[in-house]
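I have placed the structure first, in the form of structure tokens, so that the comments after it can refer back to it.
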Amino acid sequence: MLVIKLYAYAFLGEFILLYPVYTLLFADAGVSVAEASVLFVIWSVTGMVLEVPSGAWADTVSRRLLLFLGPLLAGAGYALWVSVPSFWAFAAGFVLWGAQGALVSGSYEALAYEELQRRGQEGRYAAVMGRAEAAGLVANALAIGLAVPAFAAGGYAVVGAASVAACVLCAVTALTLPEHRAPRPAGEEGYLAVLRSGLAVARADRAVLRALLLVAVVTAIWGALEEYIPFLGLETGVAESAVPLLVLVVWIGATAGGCWPGSRRGCPTGPTASPSRRRPSRSRPGP
């Protein structure tokens with residue numbers, strides 16, 4: 001049941017119908033491409049800043065609690081976007097979305113590994129995480145496809161409500177996950193001490209610091225590029241109702257490219273696939 005719950009959490013976390021149309025919501029609310037770029041910067045910076053202590057959170061706070069809170073923060077952001085569409089509401093939503101990514105990033109992988117290890121199945125970790133990623137990709141594709149009729153039928157209210165519902169179900173699923181953690185030994189460093197220790201290593205070793213900055217910046221930039229696809233579609237005359245299909249075409253191309261022979265490590269279904277979460281930072285550290 002553990003593996004099924006992990007797959008369900010990964011699926012629901014990506015089953016967000018708002019994904020392919022939220023930039024249309026920005027445009028309809030009067031947000032320009034330049035202002036949208038500022039919003040993407042806010043999103044990326046939030047993800048990068050909060051990603052730094054995310055590993056320490058996963059080591060010192062209940063991982064199940066973090067996995068529960070993360071989707072609720074994202075759902076609150078989506079609800080804010082749909083109910084109060086404005087630049088500052090979008091900015092606040094991106095901060096909440098970035099916080100969700102940081103809370104979930106290390107917690108999901110760490111909880112999965114330790115629970116598999118407790119069952120003597122740690123050798124299955126890579127395969128399970130690869131399939132979980134595949135479940136997320138399937139959910140993402142289904143959400144993009146379903147966004148077309150849902151958006152045509154009820155506009156932003158329907159896709160927004162469906163997205164919030166998926167977040168709530170994801171959070172509920174988190175509560176069903178097991179968590180068995182050994183008591184912390186006396187004298188073990190707390191959260192702030194662990195964070196200070198990690199930052200000290202990054203300051204002392206320039207190679208580590210450069211690697212951290214490079215991964216964060218490249219991931220943030222790459223993750224934001226695809227968000228301009230709906231704007232491009234609108235400017236080239238694509239109807240709003242057809243924009244999710246355009247996003248789906250690009251998604252299929254990117255996924256196929258990742259699974260192309262010669263770049264097999266990018267394919268999430270292989271047994272050696274590394275786990276990741278979709279937004280805003282897709283590459284996550286191991287447990």
Quiz prompt | From phi via Karplus (6.51, -1.76, 1.60), per-residue ³J(HN,Hα) for the stretch 126-141 in Hz, x at Gly/Pro | solution = 4, 5, 5, 5, x, 5, 4, 5, 4, 4, x, 5, 4, 4, 4, 5
Quiz item: Taking only the alpha carbons of the stretch 1-158, what extent do you get along each of the three principal axes, in Å, biggest first?
Solution: 54, 34, 21
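Below 8 Å, C-alpha to C-alpha, sequence gap of six or more: please give me the relative contact order for the stretch 32-125 in percent.
Worked out over the stretch 32-125, it gives 38 percent.
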Quiz item: Along the charge dipole of the stretch 2-79, which of 18, 34, 68 sits closest to the positive end, that is, farthest toward it, with unit charges on the beta carbon of Lys, Arg, Asp and Glu (+1, +1, -1, -1)?
Solution: 68
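Ranking request for peptides 36-49, 155-168: highest mean number of other beta-carbon atoms within 10 Å first, then the rest in descending order.
Numbers: 36-49: 18.8, 155-168: 20.3.
In descending order of packing, they fall as 155-168, 36-49.
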Quiz prompt | Using θ = phi - 60° and Karplus 6.51 cos²θ - 1.76 cosθ + 1.60, couplings along the stretch 68-76 (whole Hz; Gly, Pro as x) | solution = 6, 6, x, x, 5, 5, 4, x, 5
Quiz prompt | For peptides 6-13, 74-81, sequence by mean Cβ density within 10 Å, most packed first | solution = 6-13, 74-81
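Take the Cα atoms of the stretch 25-104, build their convex hull, and give its volume per residue in Å³. Working shown, then result.
Values: hull volume 5.2 nm³, N = 80.
Each residue corresponds to 64 Å³ of Cα convex hull volume.
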Quiz item: Quick one: in the stretch 78-151, what % of C-alpha pairs are over 18 Å apart?
Solution: 62 percent
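Each value in this text was obtained by applying a stated rule to the coordinates, not by laboratory testing. Only a predicted model underlies this, so the values are computations on that prediction, with no experimental measurement involved. Every residue, glycine among them, receives a Cβ derived from its backbone with ideal geometry; neighbour counts consider all protein chains shown.
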